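Novice: Pasting a structure below so you can have a look.
The values are calculated or read from the model by the stated rules, or taken from the named source; none is laboratory data. None of the values given here were measured: they were computed from a predicted structure. Because the Cβ atoms are built from the backbone with ideal geometry, glycine has one as well, and the counts that use them run over all protein chains shown. These accessible areas exclude ligands, DNA and RNA; they are computed on the full protein's heavy atoms, side chains included. Shrake-Rupley method; radii C 1.70, N 1.55, O 1.52, S 1.80 Å.
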Amino acid sequence: MDPALLRERELFKKRALSTPAVEKRQTASDSHKKKKSKADKEGSSKHGAESSNGNINIKASSGYKFGCLAKIVNYMKTRHQNGDTHCLTLEEILDETKLLDISMKQKHWLMTEALVNNPKIDVRDGTFGFKPKYNLKDKKALVRLLDKHDQLGLGGVLLDDVEEGLPNSAKAIKALGDQIIFVTRPDKKKVLFYNDKHCQFTVDEEFQKLWRSVPVDNIDEEKIEEYLKKQGISSMQETGPKKVMPVKRKKQGGQRKRHFKTHNNHLAGVLEDYSEGVPAKK
């Protein structure tokens with residue numbers, strides 16, 4: 001190595017040793033401030049994460065609860081349609097629907113609130129079953145229901161309600177054949193009516209001609225009612241809608257004269273009337 005460089009190196013070491021270095025130490029207050037600020041940052045970030053996770057957990061838990069409820073109701077409906085109409089305990093329902101990972105809190109909610117208050121669930125001594133709109137056991141029960149609606153003038157029954165309450169409904173409806181009439185509504189839903197074969201009879205042609213020969217184009221309800229009265233028929237009055245006669249209110253006459261109570265009658269000859277001005281002096 002170059003001797004000149006060695007000399008400079010030695011001189012640098014001597015200067016470094018002779019010059020004292022002062023190190024600035026960290027005070028207790030500074031360290032406390034740093035620790036506090038770090039703790040505040042960690043706490044705020046942790047609190048924010050907890051709050052956001054809390055909101056997510058609340059939403060997720062409520063959605064999961066109602067999802068479990070919907071799954072249970074749909075399962076109970078399906079098993080009822082397949083002919084399994086006997087009731088089940090909550091544990092049996094959870095086992096058959098494979099909902100085994102729900103918490104005790106959710107089980108309590110299902111047992112005391114969700115299933116008990118659901119209009120499609122029938123509760124019997126702590127067990128649960130499906131409750132359709134029309135509880136039909138077989139095709140005979142369906143015929144009786146449609147006949148009752150026909151007799152009472154209630155119209156038909158929705159096919160959806162029949163399928164919901166009648167086990168193996170497709171097979172039963174097919175077996176009934178022409179005893180049922182299908183009508184499709186404008187909203188594409190099908191309605192079932194009872195086909196009353198007792199009303200299917202042949203009308204004599206002479207009676208049909210007489211029926212069609214009576215003109216009723218320019219006759220209103222009042223004239224028809226008057227004609228029926230002359231013929232001694234009063235059924236239309238009894239079964240038809242009752243007319244509400246307008247109530248005639250009496251017209252109020254002119255305004256009544258108001259009578260005011262007079263005072264100081266004992267001074268009638270003393271007091272003077274100034275209503276028309278000051279009377280002239282006599």
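Novice: Please specify each residue of region 159-174 satisfying the condition of being closer than 25 Å to residue 131 by Cβ and more than 24 Å from the chain's Cα centre (by Cα). Full working, then the answer.
Specialist: Filtering region 159-174 down to residues closer than 25 Å to residue 131 by Cβ leaves 159-173.
166, 167, 168, 169, 170, 171, 172, 173, listed by residue number.
Novice: Going through region 112-147 one residue at a time, which ones are in contact (Cβ under 8 Å) with a residue 40 or more places away in the chain and of a type in the set (Lys, Arg)?
Specialist: Across region 112-147, the qualifying residue is only 120.
Novice: Name the pairs whose Cβ atoms lie under 6 Å apart, with the first residue in region 52-75 and aromatic (Phe, Trp, Tyr), the second at pLDDT 80 or above, and 6 or more positions between them or separate chains?
Specialist: 75/97
Novice: Do we have any residue at all in region 77-89 that's modelled with pLDDT of 90 or more and either of a type in the set (S, T, N, Q) or open to solvent by less than 20 Å² (accessible area, probe 1.4 Å) (or both)?
Specialist: Yes; the residues of region 77-89 include at least one that is modelled with pLDDT of 90 or more and either of a type in the set (S, T, N, Q) or open to solvent by less than 20 Å² (accessible area, probe 1.4 Å) (or both).
Novice: Moving on to the next point. Taking the criterion of being under 22 Å from the mean Cα position of the chain (by Cα), surrounded by 18 or more Cβ atoms within 10 Å (Cβ to Cβ) and touching a residue at least 60 places away in the same chain (Cβ under 8 Å), would at least one residue in region 93-111 satisfy it?
Specialist: No, the conditions are met nowhere in region 93-111.
Novice: If you don't mind, there's one more thing I want to ask. May I ask you to list the residues in region 201-251 that are at pLDDT 80 or above, open to solvent by 100 Å² or more (accessible area, probe 1.4 Å) and of a type in the set (S, T, N, Q)?
Specialist: Residues satisfying the conditions are 202, 231.
Novice: Separate question: Does region 151-171 contain any residue that is open to solvent by less than 50 Å² (accessible area, probe 1.4 Å), out of contact with any helix residue (DSSP H, G or I) (no Cβ under 9 Å at 6 or more places or on another chain), under 27 Å from residue 77 (Cβ atoms) and not hydrophobic (A, V, I, L, M, F, W, C)?
Specialist: Looking through region 151-171, at least one residue is open to solvent by less than 50 Å² (accessible area, probe 1.4 Å), out of contact with any helix residue (DSSP H, G or I) (no Cβ under 9 Å at 6 or more places or on another chain), under 27 Å from residue 77 (Cβ atoms) and not hydrophobic (A, V, I, L, M, F, W, C).
Novice: Here's another thing I want to ask about it. Please count how many residues of region 119-148 are out of contact with any Phe, Trp or Tyr (no Cβ under 9 Å at 6 or more places or on another chain), closer than 20 Å to residue 66 by Cβ and part of a loop (DSSP other than H, G, I, E, B).
Specialist: Going through region 119-148 one residue at a time, the tally reaches 2.
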